[in-house]
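Please read the structure below before turning to the comments.
The values are calculated or read from the model by the stated rules, or taken from the named source; none is laboratory data. What you see is a predicted model, and the numbers here were worked out from it, not measured in a lab. Counting neighbours? That spans all protein chains shown, and the Cβs are built from the backbone with ideal geometry, glycine included.
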Amino acid sequence: MTRFAGSSLRFHFLTSHQIMSNLGHSAHTAHSAAKIVEELPRLPDKKNPIVAGILGFFFGALGIGLYFQSWKDFFICIGLFIGLLILIPGLGALPGWLFAPVYGIYRAYTSNEKHA
């Protein structure tokens, strides 16, 4: 904890052990999300995994939710994004944001397999 003279602001710097511990929690969270995806019912129509990945990359959870027309998919992506923001302060936004396109590709692919 660092305190600047004459200031009531306090900054907490994470140690490398704390960061690695938080990353382990992130991996567990991602594994849990994969389990949830496998249990989700198939989407009503076949979806293009490439389009899902592009929309997830540029629009995040909102792009995934709108493309799949599913609140569940939106909340899975936004929940993981917020969870990573909390677990990895300052660094969680990037993996949280990149989760949406990976999730979209995986969800479209697994849903398309259930259509066959």
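Odds and ends about this structure:
Table: residues versus (1) over 13 Å from the mean Cα position of the chain (by Cα); (2) part of a helix (DSSP H, G or I); (3) polar (S, T, N, Q); (4) surrounded by fewer than 17 Cβ atoms within 10 Å (Cβ to Cβ).
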site: His31; (1), (2), (3), (4): no, yes, no, yes
site: Glu38; (1), (2), (3), (4): yes, yes, no, yes
site: Ile50; (1), (2), (3), (4): yes, yes, no, yes
site: Tyr67; (1), (2), (3), (4): yes, yes, no, no
site: Cys77; (1), (2), (3), (4): no, yes, no, no
site: Leu85; (1), (2), (3), (4): no, yes, no, yes
site: Leu94; (1), (2), (3), (4): no, yes, no, yes
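- Cβ-Cβ distances below 6 Å connect no pair with a first residue in segment 29-48 that is more than 25 Å from Leu85 (Cα to Cα), a second residue that is modelled with pLDDT under 75 and assigned to a loop (DSSP other than H, G, I, E, B), and a separation of six or more residues or different chains.
- Hey, Ile19 modelled with pLDDT of 90 or more and in a helix (DSSP H, G or I) or not: no
- Of the residues examined, Arg42 is not one that is crowded, with 17+ Cβ neighbours inside 10 Å, among the basic types (Lys, Arg) and touching a helix residue (DSSP H, G or I) at 6+ places or on another chain (Cβ under 9 Å).
Residues checked against (1) out of contact with any Gly (no Cβ under 8 Å at 6 or more places or on another chain); (2) modelled with pLDDT of 90 or more:
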{"residue": "His31", "(1), (2)": "yes, no"}
{"residue": "Glu38", "(1), (2)": "yes, no"}
{"residue": "Val51", "(1), (2)": "yes, yes"}
{"residue": "Leu62", "(1), (2)": "yes, yes"}
{"residue": "Leu66", "(1), (2)": "yes, yes"}
{"residue": "Leu80", "(1), (2)": "no, no"}
{"residue": "Pro89", "(1), (2)": "yes, no"}
{"residue": "Gly96", "(1), (2)": "no, no"}
{"residue": "Pro101", "(1), (2)": "no, yes"}
